[in-house]
Structure formats: structure tokens, C-alpha cells
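The structure appears right after this line, and notes come after that.
The values are calculated or read from the model by the stated rules, or taken from the named source; none is laboratory data. The structure displayed is predicted, hence computed values, not measured ones. Because the Cβ atoms are built from the backbone with ideal geometry, glycine has one as well, and the counts that use them run over all protein chains shown. These area figures cover heavy atoms from the full protein model, side chains too; ligands, DNA and RNA do not enter into them. Shrake-Rupley method; radii C 1.70, N 1.55, O 1.52, S 1.80 Å.
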Amino acid sequence: FFDIADGKTLYMLTATPINNRLIDLQHMIELFSRRKADYFKTTLGIHSLPGHFRKMENELERIIFGDAEGDSGIETNTVEAEKVLLNDDLFRSLVVQRSRAYVKASQLQHGVALTLFPKREDPKVVAYSIKKTYGRLLTMLEDAFSKENPLFSLAMYYPLAYYQGPDESIDPLLEGRQKEVVGLIRTQFLKRFESSVYAFGLSCNSLLIKLLAFATKNSKTKSEINRLERWKAQHDESICYVREQRNDYFGGDSDEVDEDDLITEEMLEDVEELSRDDYEVDEILMETFLDMDQISEFLKELKKFKPSHDDKQRALIRLLKSDAVLKKHKVMIFTEYMATARYLKQQMMEAGIEGIDEVDSTTSRDRGDILRQFSPYYNDSSSEELAKEGLDETRVLIATDVLSEGLNLQDATRLINYDLHWNPVRLMQRIGRVDRRLNPEIEERLLFDHPEQRSIRRNVAYWNFLPPDELDILLHLYQRVSHKTLRISKTFGIEGKKLLTPEDDYEALKDFTHAYEGATSILEDMHLEYQQLLKDYPDLAERLSLLPGRVFSGKAHPKAESKAVFFCYALPAPGKATGQDQYTTEMWTEEKGTTRWYLYDLEKERIIEEPTDIIALIRSKPETPRQRAISDKTLSEIRTSIEKHIKNTYLKKVQAPIGVKAILKAWMELG
């Protein structure tokens, strides 16, 4: 990509520049900065791009956690990141944000036809009971997570905790990576537990096999081998259950597979044999057997489970059969896990729901055909064309997040989020499959073929599955295991442990939706205001071009007894210029630079640089009276202070050569 982008003007389009962490944006920038830490040194005074983003991450943590100690691995979302990015020079220089609300407002200003967007209904909550589904297993899981060392020690993934050598020989980066792996496995267990019994059960199966393989590879002494064989004999029932479940999921005849085949030679080759000189292997093995004991207890409870116990799955089927739209029109069902998707398809088919398809990361069929069969009109086809090709049209599509980004599925107007969402960006991406810009021509064609859909077109609705009675338990367990702020709070309007129920007025979620994509940002409002001025005063652009190179004026300060002075400076930046001698030289010009606002507050004797804090003070109308109240001497001294400030901040940061100065374009006294 570096070579492709070299020497070109580059535009990168994305709806989610920040998915989990601010570093997502850093990685995008590095596609053209070629990972040069000081790429923006001379233009923005940023001497280390990674350091700049670490500073912003720390600021984000301060916003979220206050004075409490944060987590360097914090997950984030665009709403919170915007608070940090809004006043960042790098962000303002590189990123152009245009929300859906801005697009609509701008089109209204210019008198053009509005882009057709569907109306999104308030979210609906589908309540279900984890306790009814899992029974005693919920209490077992809560107890396991509430231990001083929660759930699994997973010593095989963190052997450095049992290192016998000197501490200084431990690679901090490697140790940190091992800790993260343990934390990730614990968190995934909880998320899969919430997703479905089937997904949780397969996680238990998979981890037990990996632990058994580790114990097999590293049990060397006679007593260790005897302990392993004794454990396998004592837990034969669990091992057989794991074998049966894996055969059901991956295919095969379980009667022809011996339990020993769970641990193949290929698995053992992938397991590290730990050095007993470097590690306390006996301690690691002891912890591994304790972990296997815990999983075996979970498996004993899971063996009692029947689909008829699954209150969540039954709630989904009730919804699909009772809702007037869902029982006959297209619906998209999202889940994070492949196991859950497959389980849901099987249960829904057994419940008599027709027109079902399922797609996940392992689906071998052509994905284009799958999309066309579910959303033919927005994928260059139609119901008639599908019929001619002998393809069945899908009414219910179950998918993992392989379909959550960048696809047009607007043939559907209904969507169900079957999983609890820990990151609102993922939620918005999913909803965006059906809540997208509509094409009037396609809409006309679709309604001509399917007039029965007229009442639901241009109207999007979605459901979120939430367990009201046990949500507090899940939030508590997630925070205990992950040590991260729960991003779901912004998504569902949950502040702390307050649940958004169907009886609530949904204001919290509306606030999130507006901030995320529905309301204009302050900078967008300023741009819209400028566009409106150009529309209201058609000759304004020409009049502005005729103004002298430096403009001074004055007006009353909006706040009584307050005084300030506003300045607008052009800040030069370096560019390449080629002289007659054919040698390329660096020229500092106004054209290559940027423009910045400054406001000097006389009362507090401080300089304000954020445009969002200045705009309301300087806003004027044609009838606003010109007023002067500050002496020329004071104005001159303030201007000197501002230019000294620019020299010590911007010019020093970008290492401008001697002689390069900021250029005053306009100033206004507020008195």
C-alpha cells in the first residue's frame, strides 16, 4: 500500500475510523505516513505519532474514569473519542466528518432533493431469563468469576507467572501478551455464555481439549502420568460428552471415535513442552488440573440442558411468529458467534419457520448469491430473476459479523441483535445494513413487484436481546474479568447498572444515536452556518475577496463587564519548491499552512484556542454595531503576547526556521 499511495492525493473513506481504540485511526494514518513517527513534525509539530495517540488515549481514559486509574487496553467508541479528537490539530487537519444530519441540512440549504434515508424506530428490547435457560450453571459461573483469581488460572497460557529465573530476564512485552491472552479467554467465555448455551458449551469443549493436550505433553514423571490417567478415568463422562458434542458440530460418527482421539499427535506437536529448569512445571500442571475440574463441572450441568430450556431462543421464535411484520417479511438476525448462528438455524427450522439461511466465516457457498437471495433488489437482481435462476429467496438471514460492514441489505427493514453488545460501533454497523441510503428507483421497482411491502418501506425497526433480571450479574462479571469500562452503557442507555426497558422513554439511547450519527457536530454546525451566510448574501464571497490583507474591527462582548480580543492568524508550513538550479528546496508559505483562531481573555489573562469556545463570542450580523473600548496600547501589547505564544507553541513545535512568522489576517476587540 505504501507504494500505491506514494506521491498521490489520497482519500480514505470509512464510516468507522475508530472501532475499538483510538489507535485504529493511527493505523489508518500510517498507511500514508509510512510509519514514520515524526512524519508530522514540520507541519503540525508532532514529533511522535504513536506518542501523540498515547496522549489522546490517556485523555480519553481521564474522561471515562475521572481520577480513577484507567486501563491501557480500554475499548472506546466514536462518541467518546469525538470529545478527545474534536480539538486535536491532527484530527482537524486530516479528517472530514459528515454526519447524516449534516448531509440533510446541507441539501436543504442548497435546495436540492434530499437523500432518501429510512426512518429508524426506537429500539425494542426482547427480555429473556438467563436463569431459566442455564439454571444452576448461572450461579456456578458467578461463583467461579467471583474468586480472588477469577474462573480459570490458565497457567499454560501464562507460564512466565511461574518462571524460576531472575525477574530482569523476563521480556515485559511477552509477559504483557501472555496476560492479555488469559484475559481475552476469560472475557470470551462470558460473552459466549450470554450468546447461547451452544456457543458456551463449545468453548468449554475446546478449552478442555487444549488443557488435556498440555497436561499430556508436560506430564513426564511417573506420578504426573498417573495423575493424568486417574483424572481421565474419573472424568470419563465429561470426556465422552465433549467427543459427542464435537462430532455433532463438526460431523462424524461418535461411536467410531475413542476418547483418546480427542488429543491427536498434531495437537501435541503444537503444544510447548516447558523447561523444568526455567518453569515450575509441577505448579502449572496443578493449576491446569484445577481448570479442567472447573470445566468438567460446567459440562455436567450442560449435559442436562435441552433446547426446550432455552428461554432466549424460545423468545426469538415467539417474536418471529407473533410480530405482524416479522412473521411474513424479511428480517436480519445478527449474532457474534458461528456456533450460535448454526444453533439458531436448526431450532428455527424445527419450529416451522421457513425461508431461513445462515452465513458465517466458514460458509463455502458464494457469498454474492447469499446476499442476492436475501436482498435481490439492492444487489442488482429481483425476485423474478432469482426464480428464473432456480434460486429460493431468503426471508430470514442469520449471520455473524462477516456481514456487518459495507453491504447493502436494504430489501429488509427489520433487524434483530441476538447478542449483548459490548461495543456500540459494532451495533451501529449491524443496524447500518438495513438503515442505509435508499435508492428511489430501486424502491419503485421493489414496490411494483411487492406492493404488500408499501406500509413497511422507508421505516426501519430493530430489536435487542437483553436479560433484565440478570443484567446486573453480567455487567458485574464482565467488569471483573475484563477490567474495562463497559461500552454497552452508551449503546443501550445503561449508565452504571441502569437498564433501558421498554417502559423507558429511550432518551438515553436517542442521545447516543444523535451523537453517533444523527446530529451535527459543532464544527459541522459552523460549516453549515458559513454556507447559510453565502446563501443569504450572494455577494459575500466577492466582498470577502476584496477586503485588505488585514482586517480589524470591534463589537460589544456578549457578557457584561468582560473584555477580550480575537485574532485570526495564518500559520505557514513547509512545502517543496523547485528552483532554476533544479534543486528542490523547502519553502514556508501561507498556502501550505493552516489558519488558527486565538482569543485573549483580559479578565483571566489567558489565551483560548478552541474554535468551539470562540465562535459564540465573535458571531456578528450586518446590523451588529461596531464598537471600540480597548486602548491601542493594550491592543498592541496583547497582539505581541499572542505572537509570542504562537512562536513558543506552533513555530517551535514545527521547528520553523528563523524569519518565518505567523501572518495576522483579522482581529476584533470585544469590549
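What accessible surface, in Å², does a 1.4 Å probe find on Val126, ignoring ligands, DNA and RNA and rounding to the nearest 10?
Estimated to the nearest 10 Å², Val126 gives 20 Å².
How much accessible surface does Trp597 have with a 1.4 Å probe, in Å² rounded to 10?
Near enough 60 Å² of accessible area.
What Kirkwood Rh does segment 317-370 have if only Cα atoms enter the pairwise 1/r average? Answer in Å.
Details: mean 1/r = 0.0816 Å⁻¹.
Its Kirkwood hydrodynamic radius stands at 12.3 Å.
Taking H as built 1.01 Å from N, whose amide H comes closer than 5 Å to the amide H of Val125, not counting residues under 5 places away?
When sequence neighbours closer than 5 places are left aside, the close amide H contacts are Asn464.
Name the residue from Gly406, Gly355, Ser382 whose Cα lies farthest towards the positive end of the charge dipole of segment 310-407, charges +1 on Cβ of Lys and Arg and -1 on Cβ of Asp and Glu.
Result: Gly355.
Treating cross-link reach as a plain straight distance, find the lysines whose alpha-carbon is under 25 Å from the alpha-carbon of Lys210, omitting any fewer than eight places away in the same chain.
Lys147, Lys179, Lys191, Lys220, Lys222, Lys232, Lys300, Lys303, Lys304
Take Glu609, Glu269, Glu405 and sort them by solvent-accessible surface of the protein heavy atoms, 1.4 Å probe, largest at the top. Show your work: numbers first, answer last.
On the way: Glu609 55, Glu269 140, Glu405 95 Å².
Largest accessible area first, the list is Glu269, Glu405, Glu609.
How large is ³J(HN,Hα), in whole Hz, for each residue of segment 236-246 in order, when computed from phi with the Karplus curve 6.51 cos²θ - 1.76 cosθ + 1.60 and θ = phi - 60°, using x for Gly and Pro?
In residue order, the calculated couplings are 4, 4, 5, 5, 5, 5, 4, 4, 5, 5, 5 Hz.
Can you work out the FRET efficiency for the pair Asp525 and Ser383, with r the C-beta to C-beta distance and R0 = 45 Å, to the nearest 0.05?
0.55
Show the residues, 5+ positions off or on another chain, whose built amide H is closer than 5 Å to the amide H of Glu358.
Correct list: Ile398.
Of Met587, Met56, Met526, which has the most accessible area with a 1.4 Å probe, and how do the rest follow in descending order?
Ranked list, largest accessible area first: Met587, Met526, Met56.
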